[in-house]
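Enquirer: Okay, handing you the structure first.
The values are calculated or read from the model by the stated rules, or taken from the named source; none is laboratory data. Being a predicted model, the structure only gives us computed values, none of them experimental. When we count neighbours, we look across all protein chains shown, and the Cβ atoms used for this are built from the backbone with ideal geometry, even at glycine.
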Amino acid sequence: MTLTATERFHLKKLIKELEIYRGRHTELVTVYVPSGYDIIKIIQHLSQEQGTASNIKSTSTRKNVEDALERMVQHLKLFKQTPLNGLAAFSGNVAEREGQSDVRVWSIEPPEPLNMRMYRCDKQFVLDPLIEMCNIKEVYGLIVLDRRDANLALLRGKKIIHLAKTHSEVPGKMKAGGQSAARFERNRELAAKDHFKKVAEYAKEQFLPLITNLKGILVGGPGPTKYDFLNYEYLNNDLARKIIAIKDLSYTEEFGLQELVDRSQDVLAAEELAEEKKIMGTFFELLKTKHGIVSYGETEVMRVLKTGAVDIILLSEALDDNAIEEFEEEAKKLGTRVMIISTDTREGVQLKEMGKVAAILRYEM
């Protein structure tokens with residue numbers, strides 16, 4: 001499952017907040033309730049732990065654990081049942097000075113179903129299951145090639161990660177002196193096959209270890225070379241079955257990889273990447289042709305947002321967390337859709353550079 005940028009933002013924000021806290025002893029409480037599990041059983045378990053905590057010798061540690069468990073139990077009682085995806089909850093005394101009390105509790109329904117049950121008292125909160133959810137697990141392989149060069153990369157979320165590059169020894173089309181046309185063409189074909197073998201070997205090295213999370217492979221390049229490469233069937237069978245698109249390109253190398261992603265929007269339509277690029281493309285097109293129906297910049301967008309004129313608000317992930325929450329709160333009052341835009345695409349970088357906030361309005365102003 002791939003998280004939306006908004007889900008990832010809120011999950012990362014909670015993780016960032018909880019990571020800073022450290023207990024002086026094992027007194028910070030972490031509870032994970034799996035999806036479908038009876039929350040009443042968790043409450044009963046924690047109530048039993050409260051009794052066990054009375055045996056802790058250190059007075060301050062005993063009080064901190066008992067207080068954290070009490071806050072946790074009272075918080076969990078607010079839930080009539082376990083949320084659909086389960087629940088992650090955290091409580092503890094996070095006062096900066098020893099002897100002071102500042103017992104807090106946090107909880108979140110994870111964006112993915114929890115499949116683990118946990119209760120732990122430790123010097124820090126257990127956050128690994130949530131951190132793992134933030135990681136984008138699904139990736140696409142990218143292969144861009146012509147008879148001279150080949151580049152392999154991964155598309156992870158919205159980011160192109162370069163993996164390998166190779167250059168062929170295929171001669172140019174001009175025949176070398178002293179060779180017959182037939183021999184020259186035969187040498188060109190042999191060099192092309194060597195090139196394709198090398199590309200296939202790189203693909204095996206780079207993509208096969210990721211086969212479980214590899215959603216598909218996109219292949220592209222100028223002219224017929226990409227089809228020649230695939231027709232020779234040098235590619236590993238497991239990888240060949242993963243090919244989901246073959247695209248004609250104008251470029252190779254880095255420009256070719258970006259062009260392959262851009263031209264594969266039909267294949268990636270269900271992915272967050274395509275949605276972000278599409279909405280930002282709409283914004284920039286309107287900015288050029290119908291600028292009265294768009295707005296950008298924090299102050300200006302907040303002004304029109306409060307009038308109820310904003311249909312979709314676009315927030316760069318580079319924007320301050322508090323500012324994002326302020327825009328989200330205001331948008332919620334007015335039925336405005338919010339999208340958090342990453343900085344991993346060209347369009348996302350443009351949004352960052354033009355003030356980090358933009359909006360598409362319901363009507364021209």
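Enquirer: Tell me whether the stretch 198-216 contains one or more residues that are modelled with pLDDT of 95 or more and closer than 17 Å to ARG263 by Cα.
Expert: No, every residue in the stretch 198-216 fails to be modelled with pLDDT of 95 or more and closer than 17 Å to ARG263 by Cα.
Enquirer: Can you find a residue in the stretch 47-56 that is modelled with pLDDT of 95 or more and assigned to a loop (DSSP other than H, G, I, E, B)?
Expert: No; the residues of the stretch 47-56 include none that is modelled with pLDDT of 95 or more and assigned to a loop (DSSP other than H, G, I, E, B).
Enquirer: Something else about it: Hey, among the residues in the stretch 115-156 that are among the aromatic types (Phe, Trp, Tyr) and in a strand (DSSP E or B), which one's surrounded by the fewest Cβ atoms within 10 Å (Cβ to Cβ)?
Expert: Selected residue: TYR119.
Enquirer: With surrounded by fewer than 18 Cβ atoms within 10 Å (Cβ to Cβ), part of a loop (DSSP other than H, G, I, E, B), at pLDDT below 95 and among the acidic types (Asp, Glu) as the only criterion, which of GLU185, GLU169 stands out?
Expert: GLU169 is the lone residue from the list that is surrounded by fewer than 18 Cβ atoms within 10 Å (Cβ to Cβ), part of a loop (DSSP other than H, G, I, E, B), at pLDDT below 95 and among the acidic types (Asp, Glu).
Enquirer: Look at GLY86 and say whether it is on the phi > 0 side of the Ramachandran plot and at pLDDT 90 or above.
Expert: The answer is yes for GLY86.
Enquirer: Name every residue in the stretch 318-338 that is among the acidic types (Asp, Glu) and not in a loop (DSSP other than H, G, I, E, B), in order of residue number.
Expert: ASP321, GLU325, GLU326, GLU328, GLU329, GLU330 - these are the residues of the stretch 318-338 that are among the acidic types (Asp, Glu) and not in a loop (DSSP other than H, G, I, E, B).
Enquirer: Let me ask something else about it. Among GLN100, GLN124, which is outside the structural domain of GLY220 (by TED's automatic domain parsing) and free of Cβ contacts under 8 Å to residues at least 12 places away in the same chain?
Expert: GLN100
Enquirer: I'd like to know if the stretch 300-314 contains one or more residues that are surrounded by 17 or more Cβ atoms within 10 Å (Cβ to Cβ), in contact with a strand residue (DSSP E or B) (Cβ under 6 Å, 6 or more places away or on another chain) and assigned to a helix (DSSP H, G or I).
Expert: Yes.
Enquirer: Next up: I'm trying to understand the selection: among the residues of the stretch 1-48, which are surrounded by fewer than 17 Cβ atoms within 10 Å (Cβ to Cβ), closer than 17 Å to ARG120 by Cβ and acidic (Asp, Glu)?
Expert: GLU19
Enquirer: Considering only residues that are among the hydroxyl-bearing types (Ser, Thr, Tyr) and buried (at least 18 other Cβ atoms within 10 Å of the Cβ), which ones fall in the stretch 267-299?
Expert: Listed by number, the list holds a single entry, SER295.
Enquirer: Quick check on my filter: what residues within the stretch 315-342 are acidic (Asp, Glu) and touching a strand residue (DSSP E or B) at 6+ places or on another chain (Cβ under 8 Å)?
Expert: The answer is GLU317, GLU328.
So that you can scan it fast, the table gives a plain yes or no per residue for (1) touching a Pro at 6+ places or on another chain (Cβ under 9 Å); (2) of a type in the set (D, E, K, R); (3) surrounded by 18 or more Cβ atoms within 10 Å (Cβ to Cβ):
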site	(1), (2), (3)
ALA68	no, no, yes
GLN81	no, no, no
LEU87	yes, no, yes
GLY99	no, no, no
ARG104	no, yes, no
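Enquirer: Please find, within the stretch 39-73, the residue that is farthest from ARG117 (Cα to Cα) out of those that are of a type in the set (Val, Ile, Thr) and under 37 Å from the mean Cα position of the chain (by Cα).
Expert: Checking each candidate, the answer is VAL65.
Enquirer: Anything in the stretch 210-252 that is basic (Lys, Arg) and touching a residue at least 40 places away in the same chain (Cβ under 8 Å)? List them, or say none.
Expert: Hits for the stretch 210-252 are LYS215, LYS226, LYS242.
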